[in-house]
Amino acid sequence: MDNILEKLKDGTIIPFLGMGIFENTTATDGTKLPYDSDSMILALNNGRAMSPRLMYEYSRAAMSLEQRKGREFIIQMTNHIYSSKEYDLPETYKWLKTFMPKYVVDTTMDDSLLKVYEDVDHFLITGVSRITADYDRFIIYKYSASTKEYMRIDVSQLDTQSPILFKPMGSTKPEMNFIVSDADFVDWLTEAMGGYAVPPILKDYRKDKEYLFMGVDFGKDTFRMVANEITIGLKGGYTLINKDELTKKEDKFIKTHNLENINISIDEFIKNNG
């Protein structure tokens with residue numbers, strides 16, 4: 001554990017972020033940002049709980065809302081959750097800003113990671129689903145720090161010389177694209193299993209890398225599958241799950257992927273590796 005920070009800095013360990021990093025994030029209006037499946041469901045449904053069957057996982061609840069109110073409703077609600085209020089960067093992002101990793105996987109859907117890199121040229125890859133143009137389930141942008149603008153580029157223009165920010169579940173910016181409902185995840189995961197969710201250059205870059213999973217809920221089937229597809233070829237790594245006993249699903253994922261759980265909170269880990 002002592003050399004994790006050094007490995008993060010040299011790129012041999014890749015940060016992999018989940019919505020749990022928002023657990024202690026409060027907006028200026030006093031409301032908390034969603035940090036797990038239950039709180040995401042409440043946010044999508046105007047603070048109201050849904051049936052136990054739908055409360056199982058937010059993608060299932062989002063699918064129910066989409067069927068009743070339309071896909072555009074889910075897209076706009078997801079954007080509203082993150083764009084309608086102001087909040088400070090969560091501690092994880094402040095910490096990442098101190099050493100600016102060359103590659104970050106971020107499964108949250110807000111633009112905090114983009115703010116971390118707003119003063120440096122970088123590439124942004126966002127996930128996309130349910131498109132018919134081709135099999136690829138990603139859009140690639142090139143960011144210019146001088147103009148503060150993103151421009152769509154072709155996959156052939158992506159390189160590893162500048163930092164790469166990978167947001168496979170989409171983002172509020174530069175365009176609203178979200179993988180949020182069951183239909184989104186089914187489509188994205190189907191193409192991911194065919195190799196179409198990650199640009200070829202990243203498939204080579206990620207080989208034999210370790211990962212540090214922060215705020216990722218491995219108790220939920222969907223996010224275990226997402227993590228599995230994104231990290232194919234991993235060498236191992238670490239999870240930060242601060243609890244007395246792991247669930248069977250968490251424990252199996254950790255052992256299967258040769259990970260080690262560090263049983264401390266994200267804030268404590270950052271404090272020890274600042």
Select from region 137-175 the residues that are charged (D, E, K, R), within 18 Å of Thr107 (Cβ to Cβ) and not in a strand (DSSP E or B) and list them in ascending order.
-> Arg137, Lys173, Glu175
Identify, by number, the condition in (1) more than 18 Å from Lys167 (Cβ to Cβ); (2) under 21 Å from the mean Cα position of the chain (by Cα); (3) at pLDDT 95 or above; (4) not aliphatic (A, V, I, L, M) that Lys85 doesn't meet.
-> (3)
Can you name the condition, by its number, that Val116 falls short on among (1) closer than 30 Å to Lys209 by Cα; (2) surrounded by fewer than 16 Cβ atoms within 10 Å (Cβ to Cβ); (3) among the hydrophobic types (A, V, I, L, M, F, W, C)?
-> (2)
Arg224 passes all but one of the listed conditions (1) closer than 25 Å to Phe185 by Cβ; (2) out of contact with any helix residue (DSSP H, G or I) (no Cβ under 6 Å at 6 or more places or on another chain); (3) without any contact (Cβ under 8 Å) to a residue 40 or more places away in the chain; the exception is number (2)
Specify which of the listed residues (Thr126, Thr108) is touching a helix residue (DSSP H, G or I) at 6+ places or on another chain (Cβ under 6 Å) and buried (at least 20 other Cβ atoms within 10 Å of the Cβ).
-> Thr108
Subset of region 242-256 [free of Cβ contacts under 8 Å to residues at least 24 places away in the same chain and in a helix (DSSP H, G or I)] = Lys248, Asp251, Lys252, Lys255, Thr256
Can you tell me which residue within region 248-274, out of those that are β-branched (Val, Ile, Thr) and touching a Phe, Trp or Tyr at 6+ places or on another chain (Cβ under 8 Å), is nearest to Trp95 (Cα to Cα)?
-> Ile270
Leu212 meets each of (1) within 15 Å of the chain's Cα centre (by Cα); (2) outside any strand (DSSP E or B); (3) not charged (D, E, K, R) with one exception, condition (2)
Single residue of Tyr56, Tyr103, Tyr135 found to be at pLDDT below 95 and surrounded by 14 or more Cβ atoms within 10 Å (Cβ to Cβ) = Tyr56
Cβ-Cβ below 9 Å, separation at least six or inter-chain, first residue in region 31-53 and touching a residue at least 40 places away in the same chain (Cβ under 8 Å), second acidic (Asp, Glu) and in a loop (DSSP other than H, G, I, E, B): which pairs?
-> Leu33/Glu23; Leu33/Asp110; Tyr35/Glu23; Asp36/Glu23; Asp36/Asp217; Ser37/Glu57; Ser37/Asp217
Name the residues in region 75-99 that are in contact with a strand residue (DSSP E or B) (Cβ under 9 Å, 6 or more places away or on another chain), surrounded by fewer than 22 Cβ atoms within 10 Å (Cβ to Cβ) and of a type in the set (A, V, I, L, M), would you?
-> Ile75
Take region 64-105 and flag every residue that is over 16 Å from Phe178 (Cβ atoms), out of contact with any Pro (no Cβ under 9 Å at 6 or more places or on another chain) and among the β-branched types (Val, Ile, Thr).
-> Thr98
Might you check whether a residue that is out of contact with any Gly (no Cβ under 7 Å at 6 or more places or on another chain) and assigned to a helix (DSSP H, G or I) occurs anywhere in region 116-132?
-> yes
Of all the residues that make up region 19-28, how many are over 13 Å from Ser112 (Cβ atoms) and either assigned to a strand (DSSP E or B) or within 16 Å of the chain's Cα centre (by Cα) (or both)?
-> 3
List, please: which pairs have Cβ atoms under 8 Å, are six or more places apart or on different chains, and start with a residue in region 58-83 that is farther than 22 Å from Phe223 by Cβ and end with one that is part of a helix (DSSP H, G or I) and not basic (Lys, Arg)?
-> Phe73/Leu65; Phe73/Glu66
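The values are calculated or read from the model by the stated rules, or taken from the named source; none is laboratory data. Values in this document were obtained by computation on a predicted structure and should not be read as measured data. Note: ideal-geometry Cβ built from the backbone for every residue, glycine included; neighbour counts use all protein chains shown.
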